[in-house]
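Enquirer: Let me give you the structure first, and then I'll get to my questions.
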Amino acid sequence: MAQFQSLIWIMNLAIILTLLNIQHSIACGRAEYRIGVECCPMCSPGNRIHKHCTEFTSTSCAPCTDSTFLDEPNGLTACILCTNCDPGFGLKVKQPCRPSSDTVCGTLEGFYCLDPTKDGCRAAQRHSSCKPGQYISHTGTTSTDTECSDCTGDTYSNGSLTSCQPHTECDTLKLQQIKTGTHWSDSECGPQTSHSIAVIISAVVLVVVVVLAVIAAVTAVAIRRKRKGPISERIFPETQSPTEIQASRTFIRTNTNEIL
């Protein structure tokens, strides 16, 4: 009889243990979490566990505060720290952090996203700058970098233009080209003063030459006349005496009359 009672006691214990194992093996519901043998209700998004449930009480929840959040139903006792949108990584706040949602970061102006998320970005990089002699063929966006292309022909760009510009034609503006254009700089024009000055200088030089020539000619004639002197001085040099001069004059008159 005693053996029979012991057998019944062992069987009851086995049944109890089996039931306990079955209870432990039963999964909690989707909106529950397990604490010991209890399946406690989860806290809603934006809240954390303040006190776990017991056999007689339900879960106690508390809201997330101080830049923390929980975006799903949970059985956590602490909220998650909100993401910081660091300008050093080219980020800015697109949507602020709330108790039930994390901060959403976007890209700063002039940056594009390197590590995109579902609604935002985790890291960004500044758009590339085109070099002088190149133009922006595709402007950078929040998700793509800038694309550059080289200028060709008689065009130029300083690197900030969306298309290469033709060189200025100085002739069409009635100006003189001072500097030839390159792929990174425009032609430089200035007033057409060089040609006018050349014409004026040439005219002045010509007038001066003519005046000098006239002066030289007049001077030469005057010098020649001065050297030759009057006819009487050439015929009767100063070295002759008055008597010789008078005799020479008489001789000349006599011969002249005979000839006539």
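We did not get these values from a lab; they are worked out from the coordinates using the rules stated. The model shown is predicted, which means the values in this text are computed figures rather than measured ones. Because the Cβ atoms are built from the backbone with ideal geometry, glycine has one as well, and the counts that use them run over all protein chains shown.
Enquirer: Please list, ordered by chain and number, the residues whose modelled amide H lies under 5 Å from the amide H of Ser101; skip anything fewer than 5 residues away on the same chain.
Expert: Close amide H contacts, sequence-distant or interchain: Leu70.
Enquirer: Please compute the net charge surrounding Glu169, taking Lys and Arg as +1 and Asp and Glu as -1 over other residues with Cβ under 13 Å from its Cβ. Don't skip to the answer; put the middle values down first.
Expert: Working: positive: Lys174; negative: Asp154, Asp171, Asp186, Glu188.
Result for the neighbourhood of Glu169: -3.
Enquirer: Below 8 Å, C-alpha to C-alpha, sequence gap of six or more: please give me the relative contact order for the range 83-126 in percent. All intermediate terms of the calculation are to be shown ahead of the outcome.
Expert: Details: 86 pairs, mean separation 15.5, N = 44.
Averaging sequence separation for qualifying contacts and normalising by length gives 35 percent for the range 83-126.
Enquirer: Now a separate question. Setting aside same-chain residues fewer than 8 positions from Lys94, which lysines have a Cα under 20 Å from its Cα?
Expert: Counting by Cα, and skipping residues close in sequence, Lys94 has these lysines nearby: Lys118.
Enquirer: Which lysines have a Cα less than 27 Å from the Cα of Lys179, not counting those fewer than 8 places away in the same chain?
Expert: Candidates past the 8-residue exclusion: Lys131.
Enquirer: Oh, and also: In a shell of Cβ-Cβ distance under 11 Å around Trp184, excluding Trp184 itself, what net charge do Lys and Arg (+1) and Asp and Glu (-1) give?
Expert: Details: positive: Lys131; negative: Asp150, Asp186.
So the surrounding residues net to -1.
Enquirer: Whole-Hz Karplus ³J(HN,Hα) for the range 172-181, in order, using 6.51 cos²θ - 1.76 cosθ + 1.60 and θ = phi - 60°, x for Gly and Pro?
Expert: 5, 9, 6, 10, 9, 6, 8, 9, 6, x
Enquirer: Another question, then. For every other residue with a beta carbon closer than 11 angstrom to the beta carbon of Glu109, add +1 if it is Lys or Arg and -1 if Asp or Glu, then tell me the sum. Walk me through the numbers on the way to the answer.
Expert: Numbers: positive: Lys92, Arg126; negative: none.
Result for the local shell: +2.
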